[in-house]
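Report on the structure given below.
What follows draws every value from the coordinates through simple rules; no lab data is involved. Bear in mind the structure is a predicted one, so any value in this text is a computation, not a measurement. Here the Cβ positions follow ideal geometry from the backbone for every residue, glycine too, while neighbour counts run over all protein chains shown.
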Amino acid sequence: MNKAQVVEAVVLAKKAKQLTWESIASTLGMSTVWVTSACLGMNSMPEQAAEKLCELLELPSEAKSVLMEYPTKAWSPAIPQDPLIYRLYEVVGVYGDTLKEVIQEKFGDGIMSAIDFSMEVEKQPDPKGDRVVITMNGKFLPYKAW
């Protein structure tokens, strides 16, 4: 099996078993966002997590090693058409330079790590309509001179 086949098998098994990403992550004892990302092929799973996932979803035995493979993180350079993903692109497009300025003013010249990183997605009830709360937490990595 290759990465795309395992991703498809995971998504189909999740649907067939009527599971949520949250319930899968809870079974694995890991973050919902991270487990979802790994199941969609963007992170490599530790052996125990891959084994638990294969058992939970009744995946073929060869899926375990594929889930553990280091991914090649690539995505289409085209602007996505899905409205939710497009809006996230829009947020970065509109506020990207602002975030860069504010982060560098507070921390110095550098970037936020996407490796030493965590992210949570929460639902905040609101009388005017529920709110999506996305918290990104990345280590600051200063640029160095040499």
Could you size up the charge dipole of the stretch 83-142 around its Cα centre, putting +1 on the beta carbon of Lys and Arg and -1 on that of Asp and Glu, and report it in debye to the nearest 20?
-> 140 debye
For Ser44 and Ser65 in the same chain, what is the full-extension length gain: residue separation times 0.36 nm, less their Cα-Cα distance, in nm?
-> 6.6 nm
Pull out the extension gain between Ser118 and Lys144, defined as 0.36 nm times the separation in residues minus the alpha carbon to alpha carbon distance; nm, one decimal.
-> 7.0 nm
Expected 222 nm ellipticity per residue - DSSP helices of 4 or more, -39500 (n - 2.57), all of the chain, to 500 | -15500 deg cm²/dmol
Against the rule of thumb 2.2 N^0.38 Å, how large the Cα Rg of the chain comes out | 1.23
Size of the dipole of the stretch 3-68 about the Cα centre, Lys and Arg at +1 and Asp and Glu at -1 on the beta carbon, nothing else charged, in debye to 20?
-> 160 debye
Which value in nm describes the separation of the simple spin-label points at Glu8 and Asp97, placed 7 Å from the Cα toward the beta carbon?
-> 4.3 nm
Partners for Lys3 among aspartates and glutamates (Cα-Cα distance below 17 Å; same-chain residues under 8 apart left out) = Glu47, Glu51, Glu58, Glu62, Glu69
Trp21-Thr72 pseudo-label distance in nm [points 7 Å out on the Cα-to-Cβ vector] | 2.4 nm
Label zone at Asp126 (point 7 Å along Cα-to-Cβ), backbone N below 13 Å, the stretch 79-105 | none
With +1 at each Lys and Arg Cβ and -1 at each Asp and Glu Cβ, the charge dipole magnitude of the chain around its Cα centre, to the nearest 20 debye, comes out at 80 debye
